[in-house]
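Here is the structure we will look at.
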Amino acid sequence: MKHKILLLVLGVLFIAACRNQESNLDTDIAIPVSVEEIKPKAIEQFITTTGTVLSVKEVTLKSQISGYYYILKNPKTGRPFMLGDFVNKDQEIILFKDEEYENNIKIESQELNLDISKREFEKQQSLYEKGGVTLRELKNAEVDYINAQYAYENAKIQLAKMKIKVPFSGIIIDLPYYTEGTKVEANLSMVTLMNYQQLYLEVNLPEKNFDILKVNQTARITHYTLPEDTLSGKITQLSPAINEESRTFKAILLINNPGTIIRPGMFVKADIIVARKDSAVVIPKDIILSKQRGKTVFIVQRGAAMERVITTGLENPDEVEVIRGLKPNDRLIIDGFETLGNQTKVKIIK
């Protein structure tokens, strides 16, 4: 009986010793965490909006007269102009032939008459200086010369209507088909030209952003299919009024598109930069814990997690500036912080 009691007592003592050892082991367990040493860096605060970009320069040229249609050859390709071709300012791409119209202009006669009128005016000037003609005769010669100038310029304008000449450099985006040599009427669309090295974006922004948006603020422009190609833009116009129904106001952004990466009609994202600091304590936004005392994070000091209450400044969707509570070179816990308490023992694994 005594042996049984002794064995029972020894068993209880052994179990208690094991539990005590496990308890000691538990207190010695360090939570694995990943840390990042804080280094000052730049941060931007921006407002994100979306919209459809449009070309700054676009024009549809129409026939100004009726005539027989001929499309000219592109000297760069040796074939007739086609959709997608780049054309230079003042380049001629379509010709209308109409002998009757051209003869009625009488461009050669107008040019000859201009030359005769000029010579007569110069002659009358010379005679007037010598007293050979009256002032009235001189003025009549001047009027004839001026009228000849107008007549010649008008003839050139009428003659220019027989050709389609582009007003700026750009790309042909529409070129309606007409059978060559057939007669087309006046006021028909002949070609649409676009230059999209500059684009504009018109957006409606929430009323809450009215006071922080200014003309000339810069923006980053991206397209979801081209996330690595970022274009620069800036606000060029801001409406001073709020729409009563939508509670928004209008802004227009001008976008530089030198490589024509983004095309008119594409749906883009614009990050309008409203504030920036070049050197600040910046941390990931998703590691901040919200507690009764405020926003908190953990840093590592002497092998333990130390809780820090922070005050934040500029922020964007991914990062936030810390203006109080952290300093450069602090070892910030960025992974494994979820279950930590103040002074919890930690083990750095990264």
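Bear in mind these aren't lab numbers, they're just calculated from the coordinates by the rules spelled out. This is a predicted model, so every value here is computed, not measured. Ideal geometry is used to build each Cβ from the backbone, glycine not excepted, and the neighbour counts take in all protein chains shown.
Using helices alone, I'd like the mean residue ellipticity at 222 nm for the chain: each DSSP H run of four-plus residues gives -39500 (n - 2.57), total over residue count, nearest 500.
That comes out to -8000 deg cm²/dmol.
Given 0.36 nm per residue, what is the gain on full extension from Ala42 to Ser290 after removing their alpha carbon distance, in nm?
Stretched out fully, the Ala42 to Ser290 stretch lengthens by 86.8 nm.
With only Lys, Arg, Asp and Glu charged, each at its Cβ (+1 for the first two, -1 for the last two), find how big the charge dipole of the stretch 61-192 is about the Cα centre; round to the nearest 20 debye.
Computed charge dipole of the stretch 61-192: roughly 300 debye.
Measuring from centroid to centroid over Cα atoms, what is the spacing of the stretch 250-299 and the stretch 169-207 in Å?
35 Å
What does the extension gain come out to for Arg324 and Asn216, with contour length at 0.36 nm per residue minus their alpha carbon separation? Let's see the in-between values first.
Details: separation 108, 0.36 × 108 = 38.88 nm, distance 3.13 nm.
Between Arg324 and Asn216, full extension yields an extra 35.7 nm.
Please identify the trypsin sites (Lys or Arg not before Pro) of the stretch 116-162 that satisfy two criteria: DSSP loop assignment and at most 12 other Cβ atoms within 10 Å. Which are they? It would help to have the intermediate numbers written out before the result.
Values: sites: Lys118, Arg119, Lys123, Lys130, Arg136, Lys139, Lys156, Lys161; in loops: Lys130, Lys161.
Those that pass, being in a loop and sparsely packed, are Lys130.
For Lys123, which aspartates and glutamates qualify as cross-link partners when the Cα separation must be under 15 Å and same-chain residues fewer than eight apart are set aside?
Asp115, Glu137, Glu142, Asp144
Could you tell me the extents of the stretch 61-192's C-alpha atoms along the three principal axes, largest first, rounded to whole Å?
That gives 65, 29, 23 Å along the principal axes, largest extent first.
Give me the angle, in degrees from 0 to 90, between the Cα long axis of helix 2-28 and the longest principal axis of the Cα atoms of the chain, rounded to the nearest 10.
For 2-28 against the chain, the angle is about 30 degrees.
Which loop-located trypsin sites (Lys or Arg not before Pro) does the stretch 241-301 contain, where loop means any DSSP state but H, G, I, E or B and the Cβ has at most 14 other Cβ atoms within 10 Å?
Sites meeting the loop and neighbour criteria: Arg247, Arg293.
Please give the FRET efficiency for Lys139 paired with Asn104, using the beta carbon to beta carbon distance and R0 = 30 Å, rounded to the nearest 0.05. Intermediate values should be presented prior to the final figure.
On the way: r = 31 Å, r/R0 = 1.03.
E between Lys139 and Asn104, to the nearest 0.05, is 0.45.
Would you mind finding the longest exposed-site-free stretch of the chain, with exposed GluC sites (Glu not before Pro) meaning DSSP loop and at most 16 other Cβ atoms within 10 Å?
1-179
Measure nothing but the geometry: give the 0 to 90° angle between the long axis through the Cα atoms of 135-160 and the longest principal axis through the Cα atoms of the chain, rounded to 10°.
50 degrees
Given the options Ala304, Ala280, Ala148, which has the most mean-square fluctuation in a GNM of the chain, springs set between C-alpha atoms less than 10 angstrom apart?
Ala148
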